[in-house]
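Each remark here refers to the structure printed beneath this line.
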Amino acid sequence: MMFYTLGDHDRARYFFGLFEIGRCYGMELNVEKTKVMRISRQPLPVKIIIDQKQLENVESFKYLGSILTNDGICTFEIKCRIAMAKAAFNKKRTLFTSTLDLELRQKLVKCYVWSIALYGSETWTLRAVDQKHLESFEMWC
């Protein structure tokens with residue numbers, strides 16, 4: 001679960017509200033498994049204490065198949081996506097290099113490879129380095 005807040009007070013208020021509402025319905029929060037992360041240019045640790053236990057701060061985690069980092073830079077996510085897309089390409093290499101029509105092969109690459117490479121790209125903040133990685137991958141295909 002993710003919270004988007006502007007300040008520490010809002011974050012604590014939302015989190016404790018969720019915690020209390022869950023208790024009203026008989027749900028408990030597992031403090032040992034719950035992690036927190038602040039995404040900002042200066043990633044400072046978040047201090048949230050529940051039942052006299054502080055929640056663990058993490059530098060990155062996987063959310064809906066995408067890797068989020070505390071500095072908000074997407075380079076690691078882009079490199080992972082490119083690696084997964086290359087693996088998908090190599091699995092189907094015989095199909096992509098066969099004697100099928102060129103237009104059909106391009107559609108297959110778009111379907112099998114680019115869908116993997118660009119998953120979650122709507123949320124990426126591209127820097128010049130990231131754009132070069134994507135362009136070199138495009139030439140590789």
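Judged by the gyration tensor of its Cα atoms, with axes a ≥ b ≥ c, the stretch 8-63 is prolate; a/c meets the 1.5 cut and a/b is the larger of a/b and b/c.
Lysine pairs in the stretch 73-140 whose alpha-carbon atoms fall under 18 angstrom of each other, counting only those eight or more residues apart or on distinct chains, come to 8. Of the DSSP beta bridges with both residues in the chain, give the percent that are antiparallel, rounding to the nearest 5. Once the DSSP bridges in the chain are tallied, antiparallel ones form about 75 percent. The calculated Kirkwood hydrodynamic radius for the stretch 73-140 is 12.6 Å, given to one decimal from all distinct C-alpha pairs. The order of CYS141, CYS24, CYS74, going from fewest to most other C-beta atoms within 10 Å of their C-beta, is CYS24, CYS141, CYS74.
About the centre of its Cα atoms, the chain shows a dipole size close to 420 debye [charges on the beta carbon of Lys, Arg (+1) and Asp, Glu (-1) only; nearest 20 debye]. Taking the centroid of alpha carbons for each part, the stretch 110-141 and the stretch 75-99 are 11 Å apart.
Note on the chain: semi-axes of the ellipsoid equivalent to its C-alpha gyration tensor, largest first and rounded to whole Å, are 41, 17, 11.
Values in this text are rule-based calculations from the coordinates and carry no lab data. What you see is a predicted model; the values in this text were computed from it and never measured. Here the Cβ is made from the backbone with ideal geometry for all residues, glycine too, and neighbour counts use every protein chain on show.
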